[in-house]
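Undergrad: First, the structure itself, so that you have it in front of you.
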Amino acid sequence: MIIRKEGFKDAAGIRLVHEAAFEQPNEANLVDALREDEAAQPVFGRVAVTDKGEIVGHVLLSRIHIGDISSLALAPVGVLPAWQRKGIGSELIRQVIEDARDAGESHIVVLGHDSYYPQFGFERAIDYGIEPPFPVPPEVFLVLALERNGLRGVSGIVRYSPPFSAV
Ligand SMILES: CC(C)(COP(=O)(O)OP(=O)(O)OC[C@H]1O[C@@H](n2cnc3c(N)ncnc32)[C@H](O)[C@@H]1OP(=O)(O)O)[C@@H](O)C(=O)NCCC(=O)NCCS
């Protein structure tokens, strides 16, 4: 199993991963739409690949804004059902976080389980005055600072790129 940056040739395998992980095509469609959408750039994607070359996991970060401040959304992350609970999702997330940090990004927002994301350093966004643009319980709307004090002075309502409105 290796985890590497996604490439153009991975698109079909990535679709299969999300269609199976989410049991619907919405997230696979979101990935394709985010790659094409100017407002969503840059995107940072990583895939988990078996030694037989099968893509079994994928994660994507893409451009969003907190108020007028550039940020990133972590969405979606998916692992083929047969490969779940083996640490693949966590490793994908850890590595894509490093990609964003290396690129000089400052923070990442995620809508997800509060039992899963704190292990990577995600905290409640509302504690920083960062709010979702739709009603969700505060414990599932989370933010991660990629550098010390990376969230200082950052607050406001999150603005997703257009492809998210279809999900
Ligand atoms: C969520 C997901 C990406 C995690 O990937 P993974 O490789 O299975 O995760 P890891 O092996 O790194 O970590 C396992 C932990 O993830 C958490 N987890 C996995 N699936 C979960 C689920 N459906 N609900 C809540 N927590 C879940 C659990 O804490 C689990 O730990 P445990 O096995 O000790 O209970 C994967 O389960 C998946 O694709 N799920 C379906 C799609 C999805 O819900 N994606 C996330 C929303 S964008």
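The values are calculated or read from the model by the stated rules, or taken from the named source; none is laboratory data. Quantities reported herein were computed from a predicted structural model and do not represent experimental measurements. We place every Cβ from the backbone using ideal geometry, glycine too, and count neighbours over all the protein chains shown. In case anyone asks, the SASA skips ligands and DNA or RNA and just uses the protein heavy atoms, side chains included. Shrake-Rupley method; radii C 1.70, N 1.55, O 1.52, S 1.80 Å.
Undergrad: Output the qualifying pairs, or none if there are none: Cβ atoms under 7 angstrom, residues six or more apart or on different chains, first residue in the stretch 56-84 and more than 16 Å from the ligand (Cβ to nearest atom), second residue among the polar types (S, T, N, Q) and open to solvent by less than 30 Å² (accessible area, probe 1.4 Å).
TA: Pairs that qualify, where the first residue is more than 16 Å from the ligand (Cβ to nearest atom) and the partner is among the polar types (S, T, N, Q) and open to solvent by less than 30 Å² (accessible area, probe 1.4 Å), are 63/161; 65/71.
Undergrad: Also: So which of 47, 43 ends up being within 16 Å of the ligand (Cβ to nearest atom), without any contact (Cβ under 8 Å) to a residue 24 or more places away in the chain and out of contact with any Cys (no Cβ under 6 Å at 6 or more places or on another chain)?
TA: 43
Undergrad: Looking at 91, 105, 98, 123 in this structure, which one is over 24 Å from residue 35 (Cβ atoms) and not basic (Lys, Arg)?
TA: None of the others qualify; the one that does is 123.
Undergrad: May I pose another question? Take residue 145 and decide whether it is more than 21 Å from residue 31 (Cβ to Cβ) and out of contact with any helix residue (DSSP H, G or I) (no Cβ under 8 Å at 6 or more places or on another chain).
TA: yes
Undergrad: Going through the stretch 140-167 one residue at a time, which ones are open to solvent by 60 Å² or more (accessible area, probe 1.4 Å), free of Cβ contacts under 8 Å to residues at least 60 places away in the same chain and within 17 Å of the chain's Cα centre (by Cα)?
TA: 165
Undergrad: Shifting gears a bit: Please go through the stretch 11-21 and give me each residue that is closer than 13 Å to residue 43 by Cβ and out of contact with any Lys or Arg (no Cβ under 9 Å at 6 or more places or on another chain), ordered by number.
TA: Passing the criteria: only 14.
Undergrad: Looking at the stretch 11-24, can you tell me whether even one residue there is out of contact with any strand residue (DSSP E or B) (no Cβ under 9 Å at 6 or more places or on another chain), within 16 Å of the ligand (Cβ to nearest atom) and among the polar types (S, T, N, Q)?
TA: Among the residues of the stretch 11-24, at least one is out of contact with any strand residue (DSSP E or B) (no Cβ under 9 Å at 6 or more places or on another chain), within 16 Å of the ligand (Cβ to nearest atom) and among the polar types (S, T, N, Q), which makes the answer yes.
Undergrad: Cβ-Cβ distance below 9 Å, separation of 6 or more or different chains: which pairs start in the stretch 113-131 with a residue that is more than 21 Å from residue 159 (Cα to Cα) and end on one that is among the hydroxyl-bearing types (Ser, Thr, Tyr)?
TA: Listed pairs, sorted by first residue: 116/90; 119/90; 120/90.
Undergrad: Within the stretch 97-129, take every residue that is aliphatic (A, V, I, L, M) and more than 12 Å from the ligand (Cβ to nearest atom) and give me the one that is most open to solvent (accessible area, probe 1.4 Å).
TA: Of everything passing the filter in the stretch 97-129, 126 is most open to solvent (accessible area, probe 1.4 Å).
Undergrad: Specify the residue that is nearest to the ligand (Cβ to nearest atom); the eligible residues are those in the stretch 25-40 that are open to solvent by 40 Å² or more (accessible area, probe 1.4 Å) and not hydrophobic (A, V, I, L, M, F, W, C).
TA: 26
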